[in-house]
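Trainee: First the structure, then my questions, so here it is.
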Amino acid sequence: MSDVLLLVPEIVLVAAALGLLLVARRLERARAAATLVVLTAGAAMAAGFAWPSPEAGFGGILAGDGYARFFDVLFLATLATSTLLSIRHVDSDRVRPGEFYALLLLAATGMLLAASAMDLIVLYLSLELMTLCSYVLVGITREKKASIEGAVKYFLLGSFASAILLYGIALTYGITGATGFTSIASGATENTGNPLLLSGVVLVVLGLAFKIAAVPFHAWAPDAYQGASAPVAAFLASGSKAAGLAALVRVCMVGFAPEHGLWSNVLIALAAMSILLGSLVALSQTNMKRLLAYSSISHAGYALLGLIAGTPDGASATMMYSFVYAFMTLGAFGIVIALDRRGENLSDYHGLARTNPGAAALMFLFLLSLTGIPPTAGFAAKFAVILSVVGQGHVGLAVLAVLCSVISAFFYLRIAVYMYMTDPEGEAPGRFPSTVSAALLVAALVTIIGGVLPDTLAAWTVPP
Amino acid sequence: MTTYPVLTATTFLPLVGAVVILLTGDRLARWIALGTTLLTLAVSLPLYFGFDKTSGALQFVEAVPWIPSWNVVYGMGVDGISLPFIFLSVVLSILCVSVSWIAIETRVRDFYAALLLTETAMVGLFAATNLFLFYIFWELMIVPMFLLIGVWGGPSRVYASVKFLLFTLAGSVLMLVGLIVLLYAGGTLEFRALAGLRLSVSAQAWLFLAFLAAFAVKVPMFPVHTWLPDAHTEAPTAGSVILAGILLKMGAYGFLRISLPLFPDALEIFLAPMLALSVAAIVYGAYVTLAQTDVKRLIAYSSVSHMGFVTLGIFSLNQNGIEGAILQMVNHGILTGALFLAVGIIYERTHTREIAAYGGLFKAAPIYTTFLAFFCLAAIGFPGLNAFASEFLIVSGAFTRWFGLGIMAVWGVALGTTYIVWLYYRVALGEVNPGLRGMRLEINAREVATLLPLVVMAIVIGLYPESVLGFLRAPVAQLLEIVTTSPIELAGGM
């Protein structure tokens, strides 16, 4: 019975999703459904802390440790924030709110499960739950061609990646005879150097690299982000990426610990390519959502830097990075959403500091954080991952990472140039909905507190 | 002893002021900014009166654990090297508020908030006792400066601000990697603790290069100086004053605080190149200055030459050279700040920076021209005024290091006299330029009050250089002891 306690947050989410589906036909406006989702996220978060859950359950396939708890909070906060951001879009895009929010809740359930999974099969299923919901969410605005295009690309490439992941799982199971992470670890120790096991490890890592949109598995991200409505893109960039990282960190640190030498080399390559390509290609983007997509690709690379070390400190750094990134990207998307139709093109930001100083200041804060300039949370997170990279002696990789952050400064701060140093074009944006302002406030608070007092966050980053 | 944390108060009071300004709006912004900067000066006064000049130790130390997981402490403290810069930052900030009173008409609130934020960054940087805090303030300086240039600057302000940002950021990120390497090597980031760390020569050399990237851009040293003329020229007057007065000094201060004491053995490799680059900056900078036709650009390029003197003094590695370099930084802050203020004051009336558009100002604006003459005299190193003492010390330090360096430095001084005197000749003497007829060019009381403190400082330091040098003696001797106890015989000599 006590095992069920592990699943209370997930059960709450699923119950709310099913409830929404039951009344979906009657729901016309987004507000009621969104309120329910936010309350559900709050209830699930409270449930996670209400009683001490067991460290593991269901025969060891699910964990309830501090690591899972940390990501639970991250995903539920992301869910609530994205929901607050989405209300106006759901109404104006004439999406059925019942379906939209049920899918959002189920995707979040998949994320929560992925962070607690201690077994490759559970991990696979939870990630599939997340991505299947995401495919639909990207394509849910059926009248828009770009939305359909993004969804189809995302689906095709995602299926391909799932196949890779599954193939890796099969190979790993074939050699170690286990799907549980701890058994895999002991099986791997006995079979060190077995080429099939090595391919299994590499394939699992690459399959997960798709979920976090690391190069060369990034091609879906720009199209999916651009095609999806901005709140969905924000949810993907923050939640889905963090879920992929959560899975990757636990698989590598626990299951594949004996093969650290191998996967760390794979991660070095993935991280270096993601950082470099993400920053360079972002330079030429003129659409905000595409720009943020490429930025998310390079941030995936930065987040991976922490994991390369394979140490608990490094894993904590990656956890911190995914947390901080989730909120700063939610903030940046939040401004895009707040400006509504005016926020999607870079040229829309001309003179924003004149027409809406508050929005410009917040956007500037998020951009500084994305660039990694102190005293923002983005700097603290970047410092933590680079600290762990240098600790492993990869100074060259650290230099590459910081130089790419200068490149990224160019395109992030170009937006600041537009906002502050040019004259406004067109009419001023309207007032922001109060829900959007609330979400922006949360993101801004995390961005500032995480930068000024990084240790408040570090205390929660319990490595697996 | 005082009952409040002086350094923290001096650092963060302007930040508080900036927040208040952002909350209150345009109407009161000027007065709040003026009040904040004056109050900051008042709050900082115990630093100068309670300071023990005989000691090379850190004083007014505050240390609070900040980020235990990285072993980072919030550490504030000053020694004789950092104190003059804090004073200079605090004073120049007041003058910047004053000179912008009329000149800034758009988005006044944001302007003064950004200006006060730079004050926090400047004071904090010089008060930091560890590399982490130093880095935070270093980066914090970039953002408001970027806005000051880009929002309130001249015609090609956007180009200048982005160039400034990318140059400085590119330099400083390498410092970040160096910082992390040092954190692993030393287990701490406190300057004093790291100074005792003798890493291998090759490690020191790499770290020296990483920090050089940051400092050389900021100083700026030849050949990474190209952002400076654009930034200085396009910035609004207050921005130019902060840039020339303080921001350039951050790089040289970094050499003194970090490069010399932490990597003394690397100097064996880098001493000759650093001296060569310094001399190149002095002479090349001076020749380029001679060719300028824009007043602000001329003063900007003269900074390249003057900062060459500073790095020459620092890398002479003797008491005279380093004391002279620090004094020169203070003097350059006063005089170049004064010249930018003077140019800004006249620009407000004429709206041109072309030298050719001026002429005969002494007839049209005698009081203004007297100030200009004074600052020009001081800038060329007139005996009895402040720059004389510092240039003398640097040249003598350079002669001690290597005779040829001294010759080059003297050549630079001669060229400096030429371009300043020629500038004065073209602007102030002769017949009044027809284009200026009918303009009210004479300065008002507020502007006199802005320039007067700098005149007083120039005279006080000129007649009694000990007023600054007294602070420097003990810490510079201590610094040299660390550098010269290096096991390697330094190249050159007499």
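Trainee: Could you say which residue among B:GLY178, B:GLY150, B:GLY124 is in contact with a Leu (Cβ under 8 Å, 6 or more places away or on another chain), over 18 Å from B:VAL224 (Cβ atoms) and surrounded by 24 or more Cβ atoms within 10 Å (Cβ to Cβ)?
Mentor: Result: B:GLY124 is the single residue among B:GLY178, B:GLY150, B:GLY124 that is in contact with a Leu (Cβ under 8 Å, 6 or more places away or on another chain), over 18 Å from B:VAL224 (Cβ atoms) and surrounded by 24 or more Cβ atoms within 10 Å (Cβ to Cβ).
Trainee: Conditions: (1) farther than 22 Å from A:LEU283 by Cβ; (2) touching a residue at least 12 places away in the same chain (Cβ under 8 Å); (3) of a type in the set (A, V, I, L, M). A:LEU352 meets all but one. Number of the miss?
Mentor: Unmet condition: (1).
Trainee: Can you tell me how many residues within the stretch B:448-471 are free of Cβ contacts under 8 Å to residues at least 40 places away in the same chain and among the hydroxyl-bearing types (Ser, Thr, Tyr)?
Mentor: 2
Trainee: Hey, another quick one. Determine, yes or no, whether A:GLY306 is buried (at least 24 other Cβ atoms within 10 Å of the Cβ), within 14 Å of chain B (Cβ to nearest Cβ) and closer than 24 Å to A:GLY450 by Cα.
Mentor: Yes, satisfied.
Trainee: Now a separate question. Taking A:ALA360, is it out of contact with any Cys (no Cβ under 9 Å at 6 or more places or on another chain) and surrounded by fewer than 24 Cβ atoms within 10 Å (Cβ to Cβ)?
Mentor: Judged against the criteria, A:ALA360 is a match.
Trainee: Would you please name the residue that is nearest to A:GLY261 (Cα to Cα), looking only at residues in the stretch A:364-396 that are among the aliphatic types (A, V, I, L, M), more than 10 Å from chain B (Cβ to nearest Cβ) and touching a Leu at 6+ places or on another chain (Cβ under 7 Å)?
Mentor: Only one residue tops the list, namely A:VAL385.
Trainee: Quickly run through the stretch B:213-236 and pick out the residues that are among the polar types (S, T, N, Q) and surrounded by fewer than 24 Cβ atoms within 10 Å (Cβ to Cβ).
Mentor: Matches in the stretch B:213-236: B:THR226 only.
Trainee: Condition check: buried (at least 24 other Cβ atoms within 10 Å of the Cβ), polar (S, T, N, Q) and within 12 Å of another protein chain (Cβ to nearest Cβ). Does B:THR168 satisfy that?
Mentor: Taking the combined requirement at face value, the residue satisfies it.
Trainee: Can you pull out the residues in the stretch B:47-70 that are within 14 Å of chain A (Cβ to nearest Cβ) and assigned to a strand (DSSP E or B)?
Mentor: B:VAL64, B:PRO65, B:TRP66, B:ILE67
Trainee: Tell me which of these A:ASP348 doesn't satisfy, since it passes every other one: (1) more than 30 Å from B:LEU176 (Cβ to Cβ); (2) within 12 Å of another protein chain (Cβ to nearest Cβ); (3) in contact with a Lys or Arg (Cβ under 8 Å, 6 or more places away or on another chain).
Mentor: (2)
Trainee: Ok, one more. Being facing chain A (nearest Cβ under 7 Å) and over 17 Å from A:TYR420 (Cβ atoms) is the filter here; which residues of the stretch B:136-165 pass it?
Mentor: The answer is B:ILE136, B:GLU139, B:LEU140.
Trainee: Still on this structure: Residue under question is B:TYR301, and the condition is that it be surrounded by fewer than 20 Cβ atoms within 10 Å (Cβ to Cβ), modelled with pLDDT of 90 or more, hydroxyl-bearing (Ser, Thr, Tyr) and within 21 Å of the chain's Cα centre (by Cα); does it hold?
Mentor: no
Trainee: Listed residues A:SER388, A:SER434; which is of a type outside the set (A, V, I, L, M) and surrounded by 22 or more Cβ atoms within 10 Å (Cβ to Cβ)?
Mentor: A:SER388
Trainee: So, in the stretch A:397-416, of the ones that are at the interface with chain B (Cβ under 7 Å from one of its Cβ atoms) and of a type outside the set (A, V, I, L, M), which residue ends up surrounded by the fewest Cβ atoms within 10 Å (Cβ to Cβ)?
Mentor: A:PHE410
Trainee: Next question, about the same structure. On the basis of being more than 19 Å from B:VAL158 (Cα to Cα) and either over 23 Å from the mean Cα position of the chain (by Cα) or among the acidic types (Asp, Glu) (or both), does A:PHE432 make the cut?
Mentor: Yes.
Trainee: Hand me the list of helices (runs of 4 or more DSSP H) wholly inside the stretch B:379-482 holding 3 or more residues that are within 18 Å of B:GLY337 (Cβ to Cβ), out of contact with any Phe, Trp or Tyr (no Cβ under 9 Å at 6 or more places or on another chain) and β-branched (Val, Ile, Thr).
Mentor: B:445-463
Trainee: So, one more: Only one of A:ASP65, A:ASP72, A:ASP93, A:ASP3 is modelled with pLDDT under 90 and within 21 Å of the chain's Cα centre (by Cα); which?
Mentor: Being modelled with pLDDT under 90 and within 21 Å of the chain's Cα centre (by Cα) holds for just one of A:ASP65, A:ASP72, A:ASP93, A:ASP3, which is A:ASP65.
Residue-by-condition table, conditions (1) surrounded by 18 or more Cβ atoms within 10 Å (Cβ to Cβ); (2) touching a Phe, Trp or Tyr at 6+ places or on another chain (Cβ under 6 Å):
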site: A:ASN265; (1), (2): no, no
site: A:ALA272; (1), (2): yes, no
site: A:GLY278; (1), (2): yes, yes
site: A:ALA282; (1), (2): yes, yes
site: A:LYS289; (1), (2): yes, yes
site: A:LEU292; (1), (2): yes, no
site: A:SER295; (1), (2): yes, no
site: A:HIS299; (1), (2): yes, yes
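Trainee: For a quick check of your reading of the model, give me the residue pairs whose first member lies in the stretch B:327-338 and is in contact (Cβ under 8 Å) with a residue 60 or more places away in the chain, whose second is among the basic types (Lys, Arg), with beta-carbon atoms closer than 6 Å and at least 6 apart or on different chains.
Mentor: B:MET329/B:LYS249
Trainee: All but one of (1) hydrophobic (A, V, I, L, M, F, W, C); (2) facing chain B (nearest Cβ under 9 Å); (3) farther than 22 Å from B:TRP138 by Cβ hold for A:PHE432; state the number of the condition that does not hold.
Mentor: Result: A:PHE432 passes all but (2).
Trainee: Only one residue in A:LEU106, A:LEU127, A:LEU137 is closer than 18 Å to A:LEU206 by Cβ, under 18 Å from the mean Cα position of the chain (by Cα) and surrounded by 18 or more Cβ atoms within 10 Å (Cβ to Cβ). Which one?
Mentor: Residue meeting the stated conditions: A:LEU127.
Trainee: Additional query: Can you pull out the helices (runs of 4 or more DSSP H) entirely within the stretch B:148-218 that have at least 2 residues that are free of Cβ contacts under 8 Å to residues at least 60 places away in the same chain and either more than 24 Å from B:LEU267 (Cβ to Cβ) or of a type in the set (Phe, Trp, Tyr) (or both)?
Mentor: So the answer is B:157-186, B:201-218.
Trainee: Another question about this same structure. B:PHE399 versus (1) without any contact (Cβ under 8 Å) to a residue 40 or more places away in the chain; (2) more than 30 Å from B:THR484 (Cα to Cα): which is the lone unmet condition?
Mentor: (2)
Trainee: I'd like the full set of residues that are touching a residue at least 60 places away in the same chain (Cβ under 8 Å) and at the interface with chain B (Cβ under 9 Å from one of its Cβ atoms), limited to the stretch A:439-458.
Mentor: Correct list: A:PRO454, A:ALA458.
Trainee: In the stretch B:345-355, is there at least one residue being among the basic types (Lys, Arg) and modelled with pLDDT of 90 or more?
Mentor: No.
Trainee: Related question: Quick one: is B:GLY75 more than 14 Å from chain A (Cβ to nearest Cβ), over 18 Å from the mean Cα position of the chain (by Cα) and either touching a residue at least 60 places away in the same chain (Cβ under 8 Å) or buried (at least 22 other Cβ atoms within 10 Å of the Cβ) (or both)?
Mentor: Judged against the criteria, B:GLY75 is a match.
Trainee: Among the residues of the stretch B:304-348, which ones are surrounded by 24 or more Cβ atoms within 10 Å (Cβ to Cβ) and charged (D, E, K, R)?
Mentor: B:GLU323, the sole residue that qualifies.
The values are calculated or read from the model by the stated rules, or taken from the named source; none is laboratory data. From a predicted model like this one, the values you see are computed outputs, not experimental measurements. Positions of Cβ are backbone-derived with ideal geometry, glycine not excepted, and every protein chain shown enters the neighbour counts.
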